[in-house]
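Derivation of every value follows stated rules applied to the coordinates shown; laboratory data play no part. As the structure is a prediction and not an experimental result, all values here were calculated from the model. Positions of Cβ are backbone-derived with ideal geometry, glycine not excepted, and every protein chain shown enters the neighbour counts.
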Amino acid sequence: MKTGQLVPDMMMLRLIFNELSTRGWIKPEGPVMPYTLNFTTTESDMPTSDDPFAVTLPTSSSYSYSDNPTASFILDGFPRNVSQARQIDGFIPINWVVHISTPTEVILDRISNRWMHAPSGRVYNTTFNPPKVPGIDDITGEPLTRREDDDPEVWKARLSNFEKTSLPLLEHYERKGVLWTVKGNTSDEISPRLFMEFERRFGV
């Protein structure tokens, strides 16, 4: 797998399921459906007995859940589409989905004003977190650069593709009654609303 590529769906499912089952938060009961992580095959292919990537994930009727208050987790960036969401639904119920909605023009403005110090990974934004000297890293005095994928045109294409896959995904969770949308331009606007809603739903 090359650097920068998305992790394959089945590997993500394996990692999620392995983590939850290792913690004892979900427990398979009865027959399970086998999947494979062999990258040369499709997701519907059945693994062989000596397949080192073989993993079994329970069907929707074959698991139980821990009632431990600590049995909580957050998925960030996955699922990315409806197909992945349905696979997640197959072994664990999702009880809250947060949709953070920020205007496209705000996103593009931040990206066009973003600069970084590549060796350290320090990120600056000329709008709200500018370097002390324009174009220069505060710590080393070395020049700042722009990431290749921070080109506004690249991001316009990314956002267009994201909308095509995200809208059906949002509709999927809206039908399940777990979607909650928060709108805002900055984390200062969004975070307080998010924390308040989280406390309302799950606060003890």
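What do you get for Rg/Rh of region 95-204 when both radii come from the Cα atoms and Rh is the Kirkwood radius?
Working: Rg = 17.7 Å, Rh = 16.5 Å.
Checking Rg against Rh, the ratio lands at 1.08.
Tally Lys and Arg at +1 and Asp and Glu at -1 over the other residues with C-beta under 12 Å from the C-beta of Ile190: what net charge comes out? If you can, show how the numbers build up before the last one.
On the way: positive: Lys183, Arg193; negative: Asp188, Glu189, Glu197.
With Lys, Arg at +1 and Asp, Glu at -1, the neighbours total -1.
Under 16 Å from the Cα of Lys176, which aspartates and glutamates turn up, not counting those fewer than eight places away in the same chain?
Partners within reach: Asp89.
Grab the other residues whose beta carbon is less than 15 angstrom from that of Trp115, score K and R as +1, D and E as -1, and report the net.
The answer is -2.
Can you order the peptides 71-77, 22-28, 195-201 by their average number of other Cβ atoms within 10 Å per residue, highest first?
Ranked from most to least packed, the peptides come out as 22-28, 195-201, 71-77.
If the cut-off is a Cα-Cα distance under 16 Å, which aspartates and glutamates reach Lys156, setting aside same-chain residues fewer than 8 apart in sequence?
Glu105, Asp109, Glu148
Between Asn129 and Val154, what is the label-point separation in nm under the 7 Å Cα-to-beta-carbon projection?
Computed distance between label sites Val154 and Asn129 equals 1.9 nm.
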